[in-house]
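Let me begin by presenting the structure, written as structure tokens, before commenting on it.
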Amino acid sequence: MAGTDSGTVRLYREDPSLATFTAKVLEVRELEEKSWVIVIDRTAFYPEGGGQPADEGRLGEAEVFDVQEEEGVIVHYADCPLEVSEEVEGSIDWERRWDIMQQHTGQHLLSGVLLDDFDAATRGFHMGAEESTIDLSRELGPQDLSLAQARANVLVDADLPVTSRVVDREDPAVKAARRPPPGVDEVRLVEIEGVDSVPCGGTHVPSTSRIGGIHILAGGSSKAHGLFRISFLCGTRLRRRLGRLDRLVTELSHMLTTSPDDFRERFEDFQEQNKDLKSEVTELRRALVPLRTEALLETAESIGPGRVVLARVDDLPPETLPAIASALTEHSDVVALLGAEVAGAGRLIFARGEGLDLDMGTLLSSAAAILGGGGGGAPHHASGGGPQGEALDAALTTVLEQVRSLLKEGA
Ligand SMILES: [Zn+2]
């Protein structure tokens, strides 16, 4: 890009606390609708990289929504154009950047402690919108993680300086660093006094107390690709999370009318009550069987030598269907054609009394075929079904016609 041969001057490296600055516009290019590429001679905007997201903010009238580095040139993506050669004022969305610096510096401190005290090396780092993650070379139990967190927070309270310096790659300090340097002649080392030193191009808070506390999330650990991932929160995010959880716990406390310490016990009580209620409902439904059988008998259609009961019994538990069929066919002249829809599928039970000569197995397999399934059984009692519960009425109507003509023939 013209005029940027030596690359953009990175103000954020010299002074990570710089929130506003002035710069000269070198290049402006329209990318697509409402998106322009802007290059300036110097910038405090951090371009995405090293696990740290890009800064957002303003350049003059333009809103900067993304920043990337392209061959040493820092490219700002903005929502409106600027005049080439004009002097503009830049301002970083500072609340957002400070939050990022807290998470990033917290990661340095945590990675240093995890390596020194627990022999767990950091293999990856990702900063999410809510939580950040570190991928470790080995698995750690909850107790070790809790110890690491306690140690890291002691170092937060110690308010140790966080500094950066550029050294030659042959410098002994580079060899002692936590991670190997990138393939360049000069290395930027970020150091937490007495605790951690690592090559890094990102932005950091000036001392550990400004991290504002570190918390490793109890439910945030997982294993993937041979690495052990932990999730953590620092500073303002941590207080925000605490506020949200505190409101949630208070709400639950009111709903359950008990203190958080008794949540588990209260939940177990509810589970027990729920189990008791379920078995009570099942018992009550079973008690309905004789009443239902009587009611069904009254709907029977007399055909030739038999009485045909055709019904859908969707409202009773499916396991009560055989009992109803048996009770109905204690009457030697009754044919019971029962169906029920259970979780979208169709279930059928066909039975007949001893005084009739009908093959329920044959009738059932033709009806079950309409439901896209199958079934069978003895001549006096058969059961089955299929996945197409919506065809249940059609299946029952079809079998009723067959039974009608069979009974009329036999009459
Ligand atoms: Zn860093």
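Computed from the C-beta positions of Gln68 and Arg264 and an R0 of 51 Å, the FRET efficiency is 0.55 to the nearest 0.05. Here region 7-112 is assigned +1 on the Cβ of each Lys and Arg and -1 on the Cβ of each Asp and Glu. Its dipole about the Cα centre then comes out at about 460 debye. What is the Cα centroid distance between region 105-146 and region 210-228, reported in whole angstrom? So the separation of the two Cα centres works out to 6 Å. As a ratio to 2.2 N^0.38 Å, the alpha-carbon radius of gyration computed for the chain takes the value 1.72. Between Glu401 and Ala121, the modelled labels are 7.7 nm apart [label points 7 Å from Cα along Cα→Cβ].
Put in order of Cβ neighbour count within 10 Å, fewest first, the listed residues Leu252, Leu245 become Leu245, Leu252. Over all projection directions, the Cα-based convex hull of region 97-243 averages an area of 8.6 nm². Which residue, Ala158, Leu140, Ala78, has the largest displacement toward the positive end of the dipole of region 46-174 when charges sit on each Cβ (Lys, Arg +1; Asp, Glu -1)? Positive-end residue among those listed: Leu140. Label sites at Asn274 and Arg240, each approximated as a point 7 angstrom past Cα along Cα to Cβ, lie 3.3 nm apart.
Given their separation in residues at 0.36 nm each and the Cα-Cα distance between them, Glu48 and Ser326 gain 92.7 nm when the chain is fully extended. Stretching Ser164 away from Leu284 to a fully extended chain increases their span by 35.7 nm, per 0.36 nm per residue minus the current alpha-carbon distance. Put in line by how crowded their Cβ is, counting other Cβ atoms within 10 Å and starting with the fewest, Met127, Met255, Met101 read Met255, Met127, Met101. Straightening the chain between Leu252 and Asp157 buys 30.9 nm, computed as 0.36 nm per residue apart minus the Cα-Cα spacing.
Packing here is the average count of other Cβ atoms within 10 Å per residue, and on that basis the peptides 173-186, 389-402, highest first, run 389-402, 173-186. Look at Ser383, Ser164 and count the other Cβ atoms within 10 Å of each Cβ; fewest to most, that gives Ser164, Ser383. Computed from the alpha carbon atoms alone, the convex hull of region 9-92 holds 84 Å³ per residue.
A helix-only calculation puts the chain at -11500 deg cm²/dmol for mean residue ellipticity at 222 nm, using -39500 (n - 2.57) for each DSSP H run of at least four residues, averaged over all residues.
Hydrodynamic analysis of region 301-411 uses the Kirkwood radius over alpha carbon pairs. Inserted into Stokes-Einstein at 4 °C and 1.567 mPa s, it gives a translational diffusion coefficient of 97 µm²/s. A dipole drawn for region 97-243 from +1 and -1 charges on Cβ atoms has a positive end, and of Ser231, Val167, Ala177 the residue lying farthest that way is Ser231.
If one computes the Cα centroid of region 275-344 and of region 25-82, what distance in Å separates the two points? Each part's Cα centre sits 74 Å from the other's.
Computed from the coordinates by the stated procedures, all read-outs in this text should not be read as laboratory data. What you are looking at is a predicted structure, and each value in this text was computed from that prediction instead of being measured. Because the Cβ atoms are built from the backbone with ideal geometry, glycine has one as well, and the counts that use them run over all protein chains shown.
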